[in-house]
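For reference, the structure is listed below as structure tokens.
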Amino acid sequence: MSSYYITTPIYYVNDVPHIGHAYTTIAADVLARYHRLRGEDVFFLTGTDEHGQKVQQAAAKRGVAPQQHVDELVIRFEQLWKRLDISNDDFVRTTQRRHTAVVQEILRRLQAQGELYRHSYEGWYCLPDERFWANDEVSDGKCPECGRPVERLSEQNYFFKMSRYRERLIRHIDTHPDFIRPEARRNEVLGFLAQPLGDLCISRPRARLPWGVPFPFDDAFVTYVWVDALVNYISIPGYGTDEARFARWWPANVHLVGKDILTTHAVYWSTLLMALGLDLPSTIYAHGWWTVNGEKMSKSRGNVVDPGAMVDEFGVDPFRYFVLREVPFGHDGDFSRDAFIGRYNSDLANDLGNLVSRTLTMIERYCESRVPQPGPEDDFEELVAATAREVDNSLRDFQFHRALQEIWIIVNRANRYIETSAPWTLAKNPSARPHLDAVLYTLAETLRHIARLISPFMPQSARAIFESLGLADVPNGGPAAWGVLKAGHPIHKAPPLFPRTVTPHPVRIVMDIPEPTVAVSPTPQLAPIGIEDFAKIDLRVGKIVAAERVPKSSKLLKLQVDLGTETRQVLAGIGTKYDPEALIGRLVAVVANLKPAKLMGLESQGMILAAGDKEVASLIGFVEPVQPGMKIK
Ligand code: MSP
């Protein structure tokens, strides 16, 4: 069985767990669950970083011993991971003996191999970052990394001969394109390595900082907190204590890290591994940072996003879904309540939630709550198989948002299938029974596949769908083949998956679309134009984010349309066809360079495309996923 070892950074136990910590941990959890689903043997490790000056100071401030302090604080992380359904196989704490013993063994080995030396050192020290800076790196007495004041320190310390591994590391990065990802981060690391690389100070004098792993051969020192922390990736899978186990897991497949700690991983950790004669991990993936409403998240700004509070309000799965769907992994992203609520309403309550409840309701109503007989299934078998392949490609490439977009193509296709096949009409006609059964079977089996595909992302929702389909006891809802649900199998309609209509946007309601009644005018009606004339029209994808009726008009709606980089007000004469609430979240085609015009005293800054003549029959929409602002050509 192939093995898959994935890690998160170990979090400073002093920190209040926030969306940044939850982000990496959820991403790692999705990958761990996905690889388990594929039948691989998975080891997923997370934990807490518990030594160092900051912990020591915080404990002193509270008047408790550092060990008691960390024992109390670690609970916040352990509990949050439980709430977020994190399926880690182990939880490392750097104060555990199983870890500290390995840190000491590694120092012994490095010392015996001549990789360390003791040296007197003077430099600028940043206390919060716990690191030294050289004279030319510091200006105005401020830390070049965090901007806080540095102090002059002179002390003896142990150094690791990191500089000797510089060229080997550059060669490794050059020859292993997947080692540092995404590509831009890889180039950053290569840029860093193009400069001379110093040796790494790996100790702190005990007199100044007693809260650390003691040096095994020199009582006067403790281990630099980063060296201590990085070693967790090998201490827990058994380095130096259980060689067979270690051989099973090392080298790790993935270290997921935030972009701020890439250098410590790509350079310090890699060179330490080289000195120990160990292989390097296959991939170090650096993800981006979350801002909140466009601002840096910080305690002093009071804008730290508490995952626990989001879960209380919206549930676990919507939070897991949002953080991975909203921002391409590797990019920075912005968190806002509005964006969260928008996705909740459109993707979850409306798209997935409605699909589940409509399908189950119809099977309950038309088939006495039993899976009906299958029949021709209108390409869904092919679609789910192709999607599973795309999800696989996307997850191998860490593109969680793309995997979800792919899954939502099925969700949306299935919703449209309900509308086009109109089971409520088929149900009125006894001779249409086989067709009705085939449609509902296809929908039920498609739901099973959707639940399988979302299960790494949204384990609780997947479980709820399996339960509704009577598959609670079937591992992963059964195999990936088509046609697993058996006719006659009982299903149970459950309460809605994403029940609440969360303000400010009302839930978009999927309506049964009647046959068009608008007459079609003959073509062609206008004189031909050249492509250069057509190219003058700037057509864009827009997303309707707000909609209301214009007072005293039965036809005009006032829409706010997100064009990716700006939101425009557009007036559209579609009010007899559409209720404003039904339009929220809808993607439309917009003429973006139409001169602004006034209609009933209100400015319209664009035009929305629709089919129809005097009467609108349908807004123009998209079959595959698109983003607001994309060009239409
Ligand atoms: N203890 C070290 C890691 C040692 S790993 C051997 C550490 N801990 S931390 O708690 O400060 O940060 C942990 C992770 O949280 C980092 O990967 C960091 O990038 C991430 N984040 C902190 N704030 C973040 C955001 N605002 N957004 C996304 N991730 C962020 O560093």
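Observations on the model:
- Ordering 57, 246, 375 by Cα displacement along the dipole of the chain toward the positive end leaves 57 in first place; charges were set at the Cβ atoms of Lys, Arg (+1) and Asp, Glu (-1).
- Averaged per residue, the chain has 45 square angstrom of accessible surface, using a 1.4 angstrom probe with ligands and nucleic acids left out.
- For the peptides 67-79, 454-466, the ranking by mean Cβ contacts within 10 Å, running from highest to lowest, is 454-466, 67-79.
- Ordering 334-345, 39-50, 161-172 by mean Cβ neighbour count within 10 Å, with the highest value first, yields 39-50, 334-345, 161-172.
- Exceedance of the 18 Å cut-off in Cα-Cα distance is limited, within the set 555/577; 543/598; 536/595; 555/598; 259/296, to 543/598.
- Against the empirical curve 2.2 N^0.38 Å, the C-alpha radius of gyration of the chain lands at a ratio of 1.14.
- Residues with amide H under 5 Å from that of residue 222, placed H, sequence gap 5 or more: 204, 206, 215
- A simple charge model with +1 on the Cβ of Lys and Arg, -1 on the Cβ of Asp and Glu and nothing else charged puts the dipole of the chain at about 760 debye relative to its Cα centre.
- Leading residue at positive end of dipole, the chain (Cβ point charges), from 257, 16, 132: 16
- Label-point separation, residue 620 to residue 78 (7 Å along Cα→Cβ), nm: 5.9
- For the stretch 329-468, the dipole from Cβ point charges (+1 on Lys and Arg, -1 on Asp and Glu) about the Cα centre works out to 380 debye, to the nearest 20.
- Positive-end residue, the stretch 172-215 charge dipole about Cα centroid, Cβ charges, pick of 189, 201, 213: 213
- Sorted peptide list for 290-302, 393-405, 52-64, criterion being average Cβ within 10 angstrom, highest first: 393-405, 52-64, 290-302
The values are calculated or read from the model by the stated rules, or taken from the named source; none is laboratory data. This is a predicted model, so every value here is computed, not measured. Don't worry about glycine lacking a Cβ; one is built from the backbone with ideal geometry, like all the others, and counts go over all protein chains shown. Ligands, DNA and RNA are stripped out before the accessible areas are found, and what is left, the full protein with its side chains, is counted by its heavy atoms. Shrake-Rupley method; radii C 1.70, N 1.55, O 1.52, S 1.80 Å.
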